[in-house]
1. Considering only residues that are of a type outside the set (A, V, I, L, M), over 27 Å from TYR89 (Cβ atoms) and not in a loop (DSSP other than H, G, I, E, B), look in segment 121-133 and name the one that is modelled with the lowest pLDDT.
2. Go through LEU86, LEU96 for me and flag whichever is assigned to a strand (DSSP E or B) and closer than 27 Å to THR206 by Cβ.
3. Of everything in segment 67-87, what is surrounded by fewer than 15 Cβ atoms within 10 Å (Cβ to Cβ) and among the small types (Gly, Ala, Ser)? Give them in sequence order.
4. Take the residues in segment 163-193 that are in contact (Cβ under 8 Å) with a residue 60 or more places away in the chain and among the aromatic types (Phe, Trp, Tyr), then tell me which one is farthest from ARG100 (Cα to Cα).
5. It is to be established whether one or more residues within segment 85-96 are under 14 Å from THR154 (Cα atoms) and at pLDDT below 95.
6. Please verify whether segment 97-109 includes one or more residues that are under 17 Å from the mean Cα position of the chain (by Cα), modelled with pLDDT of 65 or more and of a type in the set (S, T, N, Q).
7. Looking only at helices (runs of 4 or more DSSP H) that fall completely inside segment 134-223, which ones have 3 or more residues that are at pLDDT 90 or above and surrounded by 13 or more Cβ atoms within 10 Å (Cβ to Cβ)?
8. For segment 108-120, indicate whether the set of residues that are in contact with a helix residue (DSSP H, G or I) (Cβ under 7 Å, 6 or more places away or on another chain), assigned to a strand (DSSP E or B), more than 25 Å from ASP209 (Cβ to Cβ) and in contact (Cβ under 8 Å) with a residue 12 or more places away in the chain is non-empty.
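The values are calculated or read from the model by the stated rules, or taken from the named source; none is laboratory data. Everything numeric in this text was worked out from a predicted model, so none of it was measured. Ideal geometry is used to build each Cβ from the backbone, glycine not excepted, and the neighbour counts take in all protein chains shown.
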Amino acid sequence: MASVNIFETLRARVEKSGGLLPQERRAMFWFSQYSAALKSWQGKHNNIQFRTAQNELPSQMIVGPRRAFPGYMYFFHYEPIGKHTLPAYDTFPLTLVIKREKNGFIGLNFHYLSYRSRAMLFDTLYQSFVKLGPDPDGSGPMGPDPLKTRMRVTYKMLDGVSKYKAFRPCVKRYRSSRCRTPLLQVGSSEWDLALFLPVEQFRKSTKADVWQESQERIQEQKR
């Protein structure tokens, strides 16, 4: 499913402003379209309106944080509580939601893993948990709609099997009130593209240091 080489090459070429292969251009075009959709929505809603309009968003690819549903993957801008005391945090998570809570949700932010590690974890999850399914409210037909395909995975499932140990550094709790934008839902046909785009935005630490700390945590769990 995921290809590490394609996206490591993408990152290197983007940084050097070089030419892109067709699949790399597809990745960049996809992300630019999502960014444009988000900016368009933000231009029509201020912070006060966001609280009341988040259930009336114009596209099923863009949802309010209270409508984040387990098994779906989202991009969004986030400002955590206690950011001044956190050693590091990502302001633009790519999160697979695994549990809804009263005030938000728990998800796996793949940005906390290096490209290779996230590819390995993602492929393992994909093989075990991807299912076609209806809309979250139970309506709609079964089918291969990318926006209705999700990973039917829970924290309990991951915690009980050793091969999923790499998920632990990715587990983050997100409060709806701290989401600074609506959530951009990533359809299953674009999961592999989104997963390796170099768009992580860490604060108070470099991504290299974050990835190293995550790797050390994973290694400790294997002992």
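1. So, considering only residues that are of a type outside the set (A, V, I, L, M), over 27 Å from TYR89 (Cβ atoms) and not in a loop (DSSP other than H, G, I, E, B), the one modelled with the lowest pLDDT is LYS131.
2. That would be LEU96, the only listed residue that is assigned to a strand (DSSP E or B) and closer than 27 Å to THR206 by Cβ.
3. If the condition is that a residue be surrounded by fewer than 15 Cβ atoms within 10 Å (Cβ to Cβ) and among the small types (Gly, Ala, Ser), then GLY82 is the only one that fits.
4. By that ranking, first place goes to TRP191.
5. So the first thing to find is which residues in segment 85-96 are under 14 Å from THR154 (Cα atoms), and the list is 95-96.
Still in the running and at pLDDT below 95: none.
No, the conditions are met nowhere in segment 85-96.
6. The initial filter retains those residues of segment 97-109 that are under 17 Å from the mean Cα position of the chain (by Cα), namely 97-100, 104-109.
Narrowing further to those that are modelled with pLDDT of 65 or more: 97-100, 104-109.
If we keep only those that are of a type in the set (S, T, N, Q) as well, we get 109.
Checked against the condition, which is being under 17 Å from the mean Cα position of the chain (by Cα), modelled with pLDDT of 65 or more and of a type in the set (S, T, N, Q), segment 97-109 yields at least one hit.
7. 207-222
8. Scanning segment 108-120, I find no residue that is in contact with a helix residue (DSSP H, G or I) (Cβ under 7 Å, 6 or more places away or on another chain), assigned to a strand (DSSP E or B), more than 25 Å from ASP209 (Cβ to Cβ) and in contact (Cβ under 8 Å) with a residue 12 or more places away in the chain, so the answer is no.
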